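Colleague: Before anything else, here's the structure in question.
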Amino acid sequence: MPKSSTNQIPKGFLFSAAEAAIKKPGRKDIAIIYSQVEANIAGVFTTNKVKAAPVKLDIKKSGLGRGQAIIVNSGNANACTGKRGMRDAVDTVSLVAKNLRLKPSLVYVCSTGVIGTPMPMERIKSVIPELVAGMDKSDIEDVAAAIMTTDTFPKVVKRRIKIHNKTGTITGICKGAGMICPDMATMLCFLLTDIAVEKRTLDTALRDSVKRSFNRITIDGDMSTNDTVLIMANGMLGNTELTERTFAYKTFKKALDQIAFELSKLIVKDGEGATKFIEIEVGGATDERTAERAAFSVANSSLVKTAIYGNDANVGRIMAAIGYSGIEFDEEKTDIYLGGIKVILKGVSTNRDVKANSYLKNNKEVKILINLNRGKASVKVLTCDLTEEYVRINATYRT
C-alpha cells in the first residue's frame, strides 16, 4: 500500500522521489507527482521576461487546462540554456509520458536551482524509469524534500473540507527561501485536490489565491526565472464539478486561500539567513494598490530589514521607505506601531525607542502596523530580516 494513501492525501495521487545527483550527490533531487486519472489543471508563472525552458513549456500546456503528471527537479533551473534547454525539457516530458503511458500534453515539467547551467540529461534520463517504478514507495513529504534548494525544511500544508456531504482534501507543497519577490516569489508550488472543479473556475481561484499569498511576500526583492504554481483537481471525490456559482465553491476557495497563505508564510519563515519573521500591515489607505505599494516599499528596504535584525527600532527608516514608495499620503496623518507600541504619531517620533528595541530583542515574529489615516483599504505583506548569513549563502550558491 503506498504511503501516500493516507487520508491526508487527495484520492488518486501518487508520488515518487529519487536521486539524480543533479547538482551534487547525496540527496533525492527529482520527483514525480502523478494523478491516476486526468485532472483539470491551472498554473500561474513568473512575470520575469527571462523565463526558464520548463516555464515556457508549461505556459503553453496550461492553456489546455488538463494534466496528469508533473516531473520536478532541484539543483538546476534549466534557465538561460537556449535551444538545448528547451530540447531537454521536451525530452524529459516525452520520457516521463512514455514510461507512464500518457500523452506528452498531460505531463508538466518544473525545475529550480542554478541558472545558466545545462541539465545533466544522461543522469535524468537514467533515473526516470526508477521514478515511475517507485511510485508506491514515496509520499508527498518526500517530494517536498526533493524540490528544496537553500530551504532548511520541507513545506507541506493539508486541509480536509466538506463538499456536497463528502470529505475532500487539498494538499499543497512548495519550495522557496531566497530570490523571493513578486510576481511571484522564487518558488515552486504544487496544489493537489480530489475535488472536482471546473477548468475556468480553477484558474480564477488559483490566480486570486496567489495574488493574496505568494504575491505578497518578499525576502530580498529579486525575481526568479522559474516561479511556478500548479494546481491539479482530479475529481476523484465524485462531487458535482464546482463553479463560482456553486454554493460549496466558497468553502473550497477559503481552504485554498488558507493553504496558499500558510505556504507563503513558511517560505518567509525559511528566508535565507533570516532570524526574524516580519508582518507589515498598511491600513487606512485609499485603495488596496496604494496599501500594497507602501507595504512592499518598507518590506524591501534593506535599511529597515537590517535595523530589525539588529534590534534597532529605527522607525525613521520606515517613514523614509513610505516616502519613496510613490504613493500619495500625508506624512502629518501617518501613525506607525511596532508590536502595538506607537512609535510614530502624525509623522513624528514618540521617542519610545527603549521599549521598541526591547520588543524587537524579545520577539522572533515582528509586526509593523502603518496607518495612513486616509481611507479604509489595508494589505499585509510578509518579509524577514536581512543578515550576514544571507550574504554568505548567496555568495557561495554555485559552490
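Taken together, the values in this text are just the output of simple stated rules run on the coordinates, not laboratory data. Because the structure is a prediction, the values reported are computed rather than measured. Cβ sites come from the backbone with ideal geometry, for glycine too, and all protein chains shown count toward neighbours.
Colleague: Does anyone have the angle between helix 82-100 and the longest principal axis of the chain? Alpha-carbon axes, 0 to 90°, nearest 10?
Modeller: For 82-100 against the chain, the angle is about 50 degrees.
Colleague: If we restrict to alpha carbons, what Rg and Dmax does the stretch 284-327 come to, in Å?
Modeller: 10.8, 33
Colleague: Okay, next question. About the Cα centre of the stretch 274-399, how large is the charge dipole given +1 on each Lys and Arg Cβ and -1 on each Asp and Glu Cβ? Please answer in debye to the nearest 20.
Modeller: Taking the Cα centre of the stretch 274-399 as origin, the dipole is about 240 debye.
Colleague: Now for a different question. The stretch 89-144 to the stretch 325-376: how many Å between their Cα centroids?
Modeller: Here the answer is 49 Å between Cα centres.
Colleague: Looking at the square roots a ≥ b ≥ c of the eigenvalues of the Cα gyration tensor of the stretch 1-148, which shape do they give, rounded for a/c under 1.5, prolate if a/b is larger than b/c, or oblate?
Modeller: Cα axes put the stretch 1-148 in the oblate bin.
Colleague: For Val55, what is the net charge nearby, where nearby means another residue's Cβ is under 12 Å from its Cβ and Lys, Arg count +1, Asp, Glu -1?
Modeller: +3
Colleague: Is any residue of the stretch 232-252 close enough, with backbone N under 17 Å, to a label point placed 7 angstrom from the Cα of Val37 along the Cα-Cβ axis, and if so, which?
Modeller: 232-243
Colleague: Could you please rank Asp194, Asp139, placing first whichever residue has the fewest other Cβ atoms within 10 Å of its Cβ?
Modeller: So the residues, fewest neighbours to most, are Asp139, Asp194.
Colleague: Give me Phe329, Phe153, Phe252, Phe15 ranked fewest to most by other Cβ atoms within 10 Å of their Cβ, as a rough exposure proxy.
Modeller: Fewest-to-most Cβ neighbours within 10 Å comes out as Phe153, Phe329, Phe252, Phe15.
Colleague: Within a Cβ distance under 12 Å of Val90, other residues only, what is the Lys/Arg minus Asp/Glu net charge?
Modeller: +3
Colleague: Averaging sequence separations of C-alpha pairs under 8 Å and six or more residues apart, then dividing by the length of the chain, give the relative contact order as a whole percent.
Modeller: RCO, the chain: 16 percent.
Colleague: Past the 27 Å Cα-Cα mark, which pairs from Lys60/Lys137; Lys56/Lys211; Lys98/Lys265; Lys125/Lys269; Lys24/Lys199; Lys98/Lys158?
Modeller: Where the Cα-Cα span goes over 27 Å, the pairs concerned are Lys60/Lys137; Lys98/Lys265; Lys125/Lys269; Lys24/Lys199; Lys98/Lys158.
Colleague: Further, regarding this structure: Measure nothing fancy, just the Cα-based angle from helix 53-62's long axis to the longest principal axis of the chain, in degrees from 0 to 90, nearest 10.
Modeller: The two axes meet at around 80 degrees.
Colleague: Put +1 on the Cβ of every Lys and Arg and -1 on every Asp and Glu Cβ in the chain; which of Thr334, Met232, Val210 then has its Cα farthest towards the positive end of the dipole?
Modeller: Met232
Colleague: Related question: Once the piece of chain linking Lys162 and Val50 is laid out straight, how much longer is it, given 0.36 nm per residue of separation minus the C-alpha distance between them?
Modeller: Extra length available between Lys162 and Val50 comes to 36.2 nm.
Colleague: Between the helical axis of 249-269 and the dominant principal axis of the chain, each derived from Cα atoms, what acute angle in degrees is found, rounded to the nearest 10?
Modeller: The two axes meet at around 70 degrees.
Colleague: Neighbouring Cβ atoms within 10 Å as the yardstick, rank Tyr108, Tyr337 fewest first.
Modeller: Tyr337, Tyr108
Colleague: Please report the antiparallel percentage of DSSP beta bridges with both residues in the chain, rounded to the nearest 5.
Modeller: 70
Colleague: Now for a separate question. Within the stretch 320-371, how many Lys pairs that are eight or more residues apart, or on different chains, come under 24 Å at the alpha-carbon?
Modeller: Summing the qualifying lysine pairs gives 12.
Colleague: For the stretch 277-395, rounded, prolate or oblate, judged on the Cα gyration tensor with a ≥ b ≥ c (square roots of eigenvalues), a/c < 1.5 rounded, else prolate if a/b > b/c?
Modeller: Here the stretch 277-395 falls in the oblate category.
Colleague: Rank Val391, Leu372, Ile22 by how far each Cα sits towards the positive end of the charge dipole of the chain (+1 on Lys, Arg Cβ; -1 on Asp, Glu Cβ) and give me just the farthest.
Modeller: Positive-most Cα among the choices belongs to Ile22.
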